[in-house]
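Structure first, commentary second.
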Amino acid sequence: MGKALDGVKILDFTHVQSGPTCTQLLAWFGADVIKVEKAGEGDATRGQLRDIPDVDSLYFTMLNHNKRSITLDTKNPKGKEVLIELIKQCDVLVENFAPGALDRMGFSWERIQQINPRMIMASVKGFGPGPYEDCKVYENVAQCAGGAASTTGFDDGPPLVTGAQIGDSGTGLHLALGIVTALFQREKTGKGQKVLAAMQDAVLNLCRVKLRDQQRLDRTKVLQEYPQFPETEFGEAVPRAGNASGGGQPGWILKCKGWQHDPNAYIYFITQAPVWASICKVIGEESWITDPSYATPKARLPHLKTIFSRIEEWTKTKTKFEAMEILNKYDIPCGPILSMKEIAEEPALRATGTVVEVDHPKRGKYLSVGNPIKLSDSETEVTRSPLLGEHTEEVLAQLGYSKDQVEELRAAKVI
Ligand code: COA
């Protein structure tokens, strides 16, 4: 079976997490991704957070599946010549260098367009044009500057970052969409274009409900579904909402049986309006179905703490999985708090290819995420990440370099 992006060639100049997430997705969809790495060093993540000495880290292997790796000193004149050939032959150049690095290397957007007018140049940067455009940015900086941290956590604690890498992987996803969109437009125009995904913008896009709440707060001075209501006055900015649901159906995380010794014996419980009567029956509070203080969603808002603490009395008598089974019979939306250990061992996630086991020549078998986006006509086979420079000779040969020329480049430490 063919793949959706068969025939698309990606010059992958990415490193760390945000850019590699994007190019890994494109590779999973069938693109030929050629990762260019600094000779002798490679992507810094190869050596970061290692669990086995001298073996590419899981950080690297889990972000660089299905790619080819070539080493190239792109600051050396001979290396630049190779890069020019790659630019001529590829469809997309993806990079997430610090601002200005590509220009300093001598490859401005104008130059790239001259070399290949069909080239799509896609970049991740920390910030878009503005006061911070020259800043280097990592994940948590983006979470802070994109509005996530100020709205995550509890009211009486500091801002919090989330475990989900919305700044890096989140921006990589945005960039991948920008790239395939530009490829689609190129079908009609024949021209390449520049694609930019700024990490601050991507995080804000994912935090849009909080920008919604900011405007509601400006207008009404209160957010009735937030845990601060009705006891605490609201300030000028959207406060941290703990585990409150971001939508119109109130929810909270509740203890389940075993919570005293298991940090993940919890369930997320949503008091969805259409199933209110069922919730009352399950927890044994049938009078709440008709009691005017509880009967409507609006009437319930000032009593959410009482309601959730009563539901928790019930959930504490069940394990999170028992509670799930009972609640699902009544279509009550809920979800167990799954630990990473439980997720790693979940057979259903293995069956769908969302979690995959991959074999690596130096590391042996390891677990990784597979493609979270399923296409019925373009199945993803997850192959291992490349060793540093594993495909240098193969790629140079495809560019037309002879064995002797390759040896010269190696002797001059260009590759
Ligand atoms: N050959 C020669 N030089 C190379 C090279 C190669 N193959 N690949 C990279 N380099 C050079 C770059 O040209 C740059 O040189 P310069 O500073 O002299 O211009 C240098 O290596 C370092 O690149 P840089 O991107 O600045 O790396 P860094 O480790 O200092 O910074 C980041 C890392 C992530 C902070 C930075 O790249 C960044 O802000 N990127 C944009 C935002 C981003 O993606 N952040 C998320 C990362 S998950």
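The values are calculated or read from the model by the stated rules, or taken from the named source; none is laboratory data. The structure presented is a predicted model; accordingly, all values stated were derived computationally and were not measured. Cβ placement follows ideal geometry from the backbone for every residue including glycine, while neighbour counts extend to all protein chains displayed. Surface areas here come from the heavy atoms of the whole protein model, side chains and all, with no ligands, DNA or RNA. Shrake-Rupley method; radii C 1.70, N 1.55, O 1.52, S 1.80 Å.
Residues whose amide H falls under 5 Å from that of Lys194, counting only those 5 or more places apart or on a different chain, are Met121, with hydrogens built in the peptide plane. For the stretch 18-119, trypsin sites (Lys or Arg not before Pro) meeting the loop criterion (DSSP other than H, G, I, E, B) and having at most 13 other Cβ atoms within 10 Å: Lys75. Roughly how many Å² is the accessible area per residue of the stretch 204-290, as a whole number, for a 1.4 Å probe? Roughly 55 Å² per residue, with all protein chains present.
Three principal axis extents of the stretch 2-72 based on alpha-carbon atoms, in descending order, are 38, 23, 18 Å.
Taking amide hydrogens as placed 1.01 Å from N in the peptide plane, the amide H of Thr71 sits under 5 Å from those of Glu37, Gly389, Thr392, each at least 5 positions away in sequence or on another chain. Across the options Ala122, Gly178, Val82, the greatest Cα extent toward the positive end of the charge dipole of the stretch 53-194 (unit charges at beta carbon of Lys, Arg, Asp, Glu) belongs to Val82. Apolar share of the accessible surface for the stretch 264-415: 55 percent from carbon plus sulfur atoms, 1.4 Å probe. Ordering Ser402, Val275, Pro292 by Cα displacement along the dipole of the stretch 269-415 toward the positive end leaves Pro292 in first place; charges were set at the Cβ atoms of Lys, Arg (+1) and Asp, Glu (-1). Each Lys and Arg adds +1 at its Cβ and each Asp and Glu adds -1 at its Cβ; summed about the Cα centre, the chain shows a dipole of about 500 debye. Could you tell me whether the stretch 271-311 comes out rounded, prolate or oblate from its Cα gyration tensor? Rule is a ≥ b ≥ c as square roots of the eigenvalues, rounded for a/c under 1.5, then prolate if a/b exceeds b/c, otherwise oblate. Taking the square roots of the gyration eigenvalues as a ≥ b ≥ c, the stretch 271-311 is rounded.
The loop-placed trypsin sites (Lys or Arg not before Pro) in the stretch 346-415, going by DSSP, that have at most 15 neighbouring Cβ atoms within 10 Å of their Cβ come out as Lys362, Lys374, Lys413. Based on every Cα atom in the stretch 184-276, Rg and the maximum pairwise Cα distance Dmax equal 20.1, 62 Å. Restricting to bridges with both residues inside the chain, how much of the DSSP beta-bridge set is antiparallel, in percent to the nearest 5? So the antiparallel bridges in the chain amount to around 40 percent. Going by the alpha-carbon gyration tensor, a ≥ b ≥ c the square roots of its eigenvalues, is the stretch 319-380 rounded (a/c under 1.5) or, if a/c is not under 1.5, prolate (a/b greater than b/c) versus oblate? It comes out oblate by the Cα gyration axes. Taking square-rooted eigenvalues a ≥ b ≥ c of the alpha carbon gyration tensor, is the stretch 131-248 rounded, prolate or oblate, where a/c under 1.5 means rounded and, failing that, a/b exceeding b/c means prolate? It comes out prolate by the Cα gyration axes.
Computed over the stretch 43-192, the alpha-carbon pair-distance distribution with 5 angstrom bins reads 2, 8, 12, 17, 18, 18, 13, 7, 4, 2, 1, 0, each value a whole percent. Couplings for the stretch 56-64, taken from phi via the Karplus curve 6.51 cos²θ - 1.76 cosθ + 1.60 with θ = phi - 60°, read 3, 5, 5, 3, 6, 5, 7, 10, 9 Hz in order; Gly and Pro are left as x. What a 1.4 Å probe finds exposed on the stretch 112-163 is 59% carbon and sulfur by accessible area, rounded to a whole percent. Quick one: net charge around Arg46, please, counting Lys, Arg +1 and Asp, Glu -1 for every other residue with C-beta under 9 Å from its C-beta. My count for the surroundings of Arg46 gives -3.
Rounded to the nearest 20 debye, the dipole magnitude of the stretch 165-319 is 480 debye, with +1 charges on Lys and Arg beta carbons, -1 on Asp and Glu beta carbons, and the Cα centre as origin. Note that the stretch 272-415, at 25 °C in a medium of 0.890 mPa s, gets a Stokes-Einstein diffusion coefficient of 117 µm²/s from its Kirkwood radius over C-alpha pairs.
Dipole check for the stretch 309-415: with +1 at the C-beta of Lys and Arg, -1 at the C-beta of Asp and Glu, and the Cα centre as origin, the magnitude is about 460 Debye.
Around Thr152, which amide H atoms from residues at least 5 apart in sequence, or from another chain, sit under 5 Å from its own amide H, with H modelled in the peptide plane? Result for Thr152 returns Leu160. Taking only the Cα atoms of the chain, the ratio Rg/Rh comes out at 1.05, with Rh defined as the Kirkwood radius. Note on the chain: dipole from Cβ charges, positive end direction compared against Pro386, Gly190, Ala149; the farthest Cα belongs to Gly190. Here the contact order of the chain, divided by its residue count and restricted to Cα pairs under 8 Å and six or more residues apart, works out to 19 percent. The sum of -39500 (n - 2.57) across all DSSP H runs of n ≥ 4, divided by the residue count of the chain, sets its helix-only mean residue ellipticity at 222 nm to -10000 deg cm²/dmol.
Given R0 = 56 Å, the distance between the Cβ atoms of Leu160 and Glu408 translates into a calculated FRET efficiency of 0.55.
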